[in-house]
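Enquirer: Got a structure for you, questions after.
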């Protein structure tokens, strides 16, 4: 692995996007395969929350997915570099995370599910990417650098930790901190409680009705995306976007509004290099939420809260 990719001494690891693009793109396809397995079995939740992954102590997990009268769980283990499928009956199957084509990973994963008695049919083409090569025909994505995958997971660990702190300051409807495999981003979304105009869609190889469900309520969303910038980027956007949103003063000074993406962005490396990374990132999440909530007139007295409000009772 290239020495430029990591800072072993820091909690916030260095991982240059250009140094792991091939692995990232392959891993993206692998997560889509597993995500579609969860989609095939989990009942629909608002905004597609039933399809997401969660950052675990070893990687990314589906958590328990219902199947018959039991359940199964699939986890990308970025420490031992295995895909593990566990069932509530106690059975386990693994698929090695190693350099291999998407087609092979797809075949091995579906075979493992079959051996466990989990009958699964998925829409076997990726979403939100162009071109959308069917998984069974994808021999172009075949890279896996275990050190890079491990560093990406460590990025997610740090981002999740701070996003959970940010989430705790909201008493209204708010999503978990979860990983969407469509765009390969970690996200947390707050809702005002009001409806939103129908989303126009437009994501590549993804039905407009998918986005219409995802954005059916007025929201402010933040997250981390391993693209954009040298080492990935934190983002924050509003739907629908209130007037003056992009001109709202936000922190830190390095944050900016991208007209291309219609959202505020903060390069990951700004946070990593900060003397106080958590505070720097929290300032970005809080001020960009202010831009959305104040700009759209959210009932902040009702929705915002102090997570330390019960400390006197402990």
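Read the figures in this text as sums done on the coordinates, not as results from a lab. Because the structure is a prediction, the values reported are computed rather than measured. Here Cβ is always computed from backbone atoms with ideal geometry, including for glycine, and neighbour counts include all displayed protein chains.
Enquirer: Only Cα pairs under 8 Å and at least 6 apart count here; give the relative contact order of the range 146-303 as a rounded whole percent.
Expert: Relative contact order of the range 146-303: 20 percent.
Enquirer: So what is the relative contact order of the chain, in percent, for Cα pairs below 8 Å that sit 6 or more residues apart?
Expert: 16 percent
Enquirer: What is the calculated FRET efficiency for residue 89 to residue 157, with r their C-beta to C-beta distance and R₀ = 30 Å, to the nearest 0.05?
Expert: With a Förster radius of 30 Å, E is 0.50.
Enquirer: Also, quick follow-up: Tell me, what is the FRET efficiency for residue 73 and residue 171 to the nearest 0.05, using R0 = 35 angstrom and their Cβ-Cβ distance as r?
Expert: Calculated value: 0.70.
Enquirer: I've got another one for you. Would you mind computing, in nm to one decimal, how far apart the modelled labels at residue 276 and residue 243 are, each placed 7 Å from Cα along Cα→Cβ?
Expert: Output for this residue pair reads 3.6 nm.
Enquirer: Determine the calculated [θ] at 222 nm for the chain from helices alone, applying -39500 (n - 2.57) to every DSSP H run no shorter than 4 residues and normalising by the residue count; nearest 500 deg cm²/dmol.
Expert: The per-residue figure over the chain is -9500 deg cm²/dmol.
Enquirer: Helix 21-41 sits at what angle to the longest principal axis of the chain, using alpha carbons and giving 0 to 90 degrees rounded to 10?
Expert: Helix 21-41 sits roughly 80 degrees off the main axis of the chain.
Enquirer: Moving to a separate point now. Given a Förster radius of 35 Å and the C-beta distance between residue 198 and residue 312 as r, what FRET efficiency does 1/(1 + (r/R0)^6) yield to the nearest 0.05?
Expert: Efficiency, from the Cβ-Cβ distance: 0.15.
Enquirer: Please compute, over every Cα-Cα pair in the range 21-137, the percentage with a separation greater than 17 angstrom.
Expert: 54 percent
Enquirer: Count the DSSP beta bridges whose two residues both fall in the chain, then state the antiparallel fraction as a percent rounded to the nearest 5.
Expert: 100 percent
Enquirer: Give the residues of the range 10-35 whose amide nitrogen is closer than 13 Å to a point set 7 Å from the Cα of residue 230 in the direction of its Cβ.
Expert: It comes to 14-19, nothing else.
Enquirer: Based on DSSP, what percent of beta bridges with both residues in the range 21-137 are antiparallel, to the nearest 5?
Expert: 100 percent
Enquirer: Return one number: the angle in degrees, 0 to 90 and rounded to the nearest 10, between the long axis of the Cα atoms of helix 102-115 and the longest principal axis of the Cα atoms of the chain.
Expert: 70 degrees
Enquirer: Something else: Treating the angle as unsigned and between 0 and 90°, give the value, to the nearest 10°, between the Cα long axis of helix 146-167 and the longest Cα principal axis of the chain.
Expert: 40 degrees
Enquirer: Mean separation of Cα pairs under 8 Å and 6+ residues apart, divided by the residue count of the range 21-137: what relative contact order is that in percent?
Expert: Reported relative contact order: 21 percent.
Enquirer: Consider a paramagnetic label point 7 Å from the Cα of residue 304 along Cα→Cβ; state which residues of the range 263-289 have an amide N under 20 Å from it.
Expert: 264, 279-289
Enquirer: Then there is this: What is the range 54-116 by shape, rounded, prolate or oblate, if you read a ≥ b ≥ c off the alpha carbon gyration tensor as root eigenvalues and call it rounded for a/c under 1.5, prolate for a/b larger than b/c, and oblate otherwise?
Expert: It is oblate, given that a/c is not under 1.5 and a/b is not larger than b/c.
Enquirer: Then there is this: Could you check the spin-label model distance between residue 25 and residue 137? Points 7 Å from the Cα along Cα→Cβ, value in nm.
Expert: Modelled inter-label distance: 1.7 nm.
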